[in-house]
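In what follows, a structure is listed as structure tokens, so that the remarks can point back to it.
The values are calculated or read from the model by the stated rules, or taken from the named source; none is laboratory data. Please read these numbers as outputs of a predicted model, since none were measured by experiment. Cβ placement follows ideal geometry from the backbone for every residue including glycine, while neighbour counts extend to all protein chains displayed.
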There are 2 protein chains.
Amino acid sequence: MPRRGEADENSEVTPKRDPTMGDIAARLGVSRQLVSLALRDAPGASDETRARVRQAAAELGYRPHIGARTLRQSSSRYLGVVFAPAHATEPDIVESIYPAAERCGYGVLLSAQTPSRSTEQAFDELHGHRCAAMIVIGSGLSAGRLAELARRSLVPVVIVGAGVRNPDFDVVRSAGDAGVRLAVEHLVALGHRDIIYLHCASMAPAELRRKGYRAAMAEHGLPARIIRITGDYTEESGAAAARELLAAQQLPTAVVAGNDQAALGLILELARAGVAVPGRLSVTGFDDSRIAALTSVSLTTARQDPIEMGEAAVEAAVRRIRSGSLPPREFVITPTLVVRGSTAPPRGPAQG
Amino acid sequence: MPRRGEADENSEVTPKRDPTMGDIAARLGVSRQLVSLALRDAPGASDETRARVRQAAAELGYRPHIGARTLRQSSSRYLGVVFAPAHATEPDIVESIYPAAERCGYGVLLSAQTPSRSTEQAFDELHGHRCAAMIVIGSGLSAGRLAELARRSLVPVVIVGAGVRNPDFDVVRSAGDAGVRLAVEHLVALGHRDIIYLHCASMAPAELRRKGYRAAMAEHGLPARIIRITGDYTEESGAAAARELLAAQQLPTAVVAGNDQAALGLILELARAGVAVPGRLSVTGFDDSRIAALTSVSLTTARQDPIEMGEAAVEAAVRRIRSGSLPPREFVITPTLVVRGSTAPPRGPAQG
DNA sequence: TTGTAGGCGTTATCAG
DNA sequence: CTGATAACGCCTACAA
């Protein structure tokens, strides 16, 4: 009676244990090392052997034991990604990270940041898997806590979205100022002069966007008018801003919102009050998130390409893995303006 | 000159390598085994030692090597979760899985399913980490491919959302028929009689919801009227349905949509055409996703509690881990109706 | 409490 | 190409 693990002819009958390289080797009558070489595309195995090994692996349902590999190599070929599932634009970035990482020979390990799970917790868990580098997307952490996180980490850290230049980590962010400038210039070209900016102080990248608004308005000799809203920059924030505007009785001809969600909330609340967009009021957003493209919403918005951001994050991470102590770098993604149906010339003739 | 790894007094000066249990032991002058016991809360270490070990671990920035632990134990204390970041309701389920898993002593490993990454790929990757069980959320896979996936897996599989009773895996789903029934009964109680259902054939759970609509209408002696839309049940699908309704010139007094996104698209498109909701037309959704709760949207909807679903998924997984060959079970979550502002009595007197 | 011994699956280095 | 040997970090078993 064969003991467990002993190679006998029909080893398929006891599939309670995951197959190992040893099982493949036994089935083919070759050595474990050769199987390892063949599966890794390392030199030292003939093409024919390689094919036979692959076939046997597939038949047995072999899956490499990633933990064992990591243990042996002291660092896994994985990039750790901390993200917040609930945030609107992050899924797109996450999706683009997968193919980019694969092209560089890396896998992806996700760790969610939720209301009950801090960025630090999510980060440390990835550390436990010995990821080769960490990518942290849009965490709401302060610059100080981010730096602390990065300093405690033995592997390179890339921060996406929260844009503070820093000696401890690389940064990937969009040029928020340039994006808002594009929106303002588009509105000015349409004939608008009374353009309000919707600012939400609680969101770190918003600061840069407001700066862009100020600069663009000043350049055209127009007065800056800013509504500062509280909250988390979601649809609710936009709706609150709409109520404030309506109460003030003095509607502008255009509103530049700091992100798409706020813009949507604004539009919905205005529609409720009978204010047509873009008939009575033009609105722009920021992000080009999924909702913006809906024909029912059709939001003119500054697009920060999530694919480009994901790829930049991976590039930064891999660069730092390869040569550890490079000076930290900032990857700035230039937004483009996507013109849709929420902007139009102001109703009356443009006021002088 | 000390060799690498040898315990000398100030080992903090060479922190290029992650600290191990051996490092903690060396620093404290105790054995590695004791450190292991202390960190795992296993019996055999005094409270005082335990505290000292913990402190030293924290000071060194020790993180257990999850791969090594998994290797030693032949199966990790992790639940693998396959999910699609882009889908609206899934993030909430994912978020609730974390605390539920932790209560059972399990960690969570996420794997994203994206346009360029199939459910099978995402699943296999988790397999590589030797997860103790797999939870697959709302994959669009056919019943056959799901069964195939589960059969090939050596560990228990729980499918969330795609509700086919099956010998190969556990299922967690909401009672879609009961949810739609609640919506219909709410509308009937308000005085509606002309109630249309918005059906999207491409979404698996929609079938059950339509069944609930049919049954509820029949019970009240009302004629069933169904608009079948193509597409993926997003806002765009709802908008298309609105255009169809408007073209037909014969508006019902109420629409029951198969999910919130379709309901929102419908409402937005109707608003564009000047049809007030709920003034002229009542609308209900399904899911109670984030958009439904916005004051600007304020959608009456059947809520399938994502927390409950996440917890049920974890419960199912852990149950099957503990006793492998239980008969597969179906966990059905009963929806509740959340009444908001998108429903009201029909404008005229209810027709006899 | 400590020490010793072994093994999980993989990769790496050698000598044949 | 094989075979032998070792190591990664952690856990378990057993004896001191």
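You will find that of A:THR253, A:THR284, the residue that is more than 20 Å from the chain's Cα centre (by Cα), in the same structural domain as A:ARG228 (by TED's automatic domain parsing), of a type in the set (Ser, Thr, Tyr) and surrounded by fewer than 24 Cβ atoms within 10 Å (Cβ to Cβ) is A:THR253 and no other. From A:SER96, A:SER153, A:SER116, grab the single residue that is surrounded by fewer than 16 Cβ atoms within 10 Å (Cβ to Cβ), modelled with pLDDT of 90 or more and more than 16 Å from DNA strand C (Cβ to nearest atom). Just a single option satisfies the conditions, and that option is A:SER116. For region A:29-43, a residue qualifies if it is within 22 Å of B:SER74 (Cβ to Cβ), under 39 Å from the mean Cα position of the chain (by Cα) and more than 13 Å from chain B (Cβ to nearest Cβ), and the qualifying residues are A:VAL35, A:SER36.
Residue-wise test of (1) under 18 Å from B:ILE137 (Cα atoms); (2) touching a residue at least 24 places away in the same chain (Cβ under 8 Å); (3) in contact with a Lys or Arg (Cβ under 7 Å, 6 or more places away or on another chain).
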residue	(1), (2), (3)
B:ALA162	yes, yes, no
B:PHE169	yes, yes, no
B:ALA178	no, yes, no
B:VAL184	no, yes, no
B:ILE196	no, yes, yes
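Restricting attention to region B:81-112 and to residues that are within 24 Å of A:ILE307 (Cα to Cα) and of a type in the set (Val, Ile, Thr), the residue that is nearest to the other protein chains (Cβ to nearest Cβ) turns out to be B:VAL94.
Within region A:69-112, the set of residues being hydroxyl-bearing (Ser, Thr, Tyr), outside any loop (DSSP other than H, G, I, E, B) and more than 16 Å from DNA strand D (Cβ to nearest atom) comprises A:SER96, A:TYR98, A:SER111. I want to confirm something. Restricting to region B:67-79 and keeping residues that are buried (at least 19 other Cβ atoms within 10 Å of the Cβ) and within 11 Å of another protein chain (Cβ to nearest Cβ), which single residue is farthest from B:PHE286 (Cα to Cα)? Top of the filtered list is B:LEU71. Where residues in region A:44-66 are in a loop (DSSP other than H, G, I, E, B), near DNA strand D (Cβ under 9 Å from one of its atoms) and surrounded by fewer than 19 Cβ atoms within 10 Å (Cβ to Cβ), which of them is farthest from the other protein chains (Cβ to nearest Cβ)? Selected residue: A:SER46.
Given the criteria polar (S, T, N, Q) and either out of contact with any Leu (no Cβ under 9 Å at 6 or more places or on another chain) or more than 24 Å from A:GLU236 (Cα to Cα) (or both), does B:SER323 qualify? For B:SER323, the condition - polar (S, T, N, Q) and either out of contact with any Leu (no Cβ under 9 Å at 6 or more places or on another chain) or more than 24 Å from A:GLU236 (Cα to Cα) (or both) - is met.
Candidates in region A:315-340 are the residues that are among the β-branched types (Val, Ile, Thr) and in contact with a strand residue (DSSP E or B) (Cβ under 7 Å, 6 or more places away or on another chain); of these, the one that is farthest from A:HIS186 (Cα to Cα) is A:ILE321.
Conditions tested, residue by residue: (1) assigned by TED's automatic domain parsing to the domain that holds B:SER296; (2) of a type in the set (Val, Ile, Thr); (3) modelled with pLDDT of 95 or more.
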| position | (1), (2), (3) |
| --- | --- |
| B:VAL184 | yes, yes, yes |
| B:HIS199 | yes, no, no |
| B:LEU222 | yes, no, yes |
| B:GLY231 | yes, no, no |
| B:GLU236 | yes, no, no |
| B:ASP260 | yes, no, no |
| B:GLY274 | yes, no, no |
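Taking the condition over 20 Å from A:ARG210 (Cβ atoms) and surrounded by 24 or more Cβ atoms within 10 Å (Cβ to Cβ), does A:ALA344 pass? When the stated conditions are applied, A:ALA344 does not pass them.
Within region A:55-83, the residues that satisfy the criterion of being aromatic (Phe, Trp, Tyr) and closer than 26 Å to B:PRO85 by Cβ are A:TYR78, A:PHE83. Selection of first residues in region A:102-113 that are in contact (Cβ under 8 Å) with a residue 60 or more places away in the chain and of second residues that are of a type in the set (A, V, I, L, M), restricted to Cβ pairs under 6 Å at least 6 apart or on distinct chains, gives the following pairs, ordered by first then second residue: A:CYS104/A:VAL318; A:TYR106/A:LEU79. Among the numbered conditions (1) surrounded by 16 or more Cβ atoms within 10 Å (Cβ to Cβ); (2) at pLDDT below 90, the only one that B:TYR106 does not meet is (2).
Right, A:ARG32: of a type in the set (Lys, Arg), near DNA strand C (Cβ under 8 Å from one of its atoms) and out of contact with any strand residue (DSSP E or B) (no Cβ under 6 Å at 6 or more places or on another chain) or not? The answer is yes for A:ARG32.
Looking only at region A:225-233, decide whether some residue is buried (at least 16 other Cβ atoms within 10 Å of the Cβ) and polar (S, T, N, Q).
no
When only residues in region A:41-89 that are more than 12 Å from DNA strand C (Cβ to nearest atom) and polar (S, T, N, Q) count, which is modelled with the lowest pLDDT? Here the answer is A:THR89.
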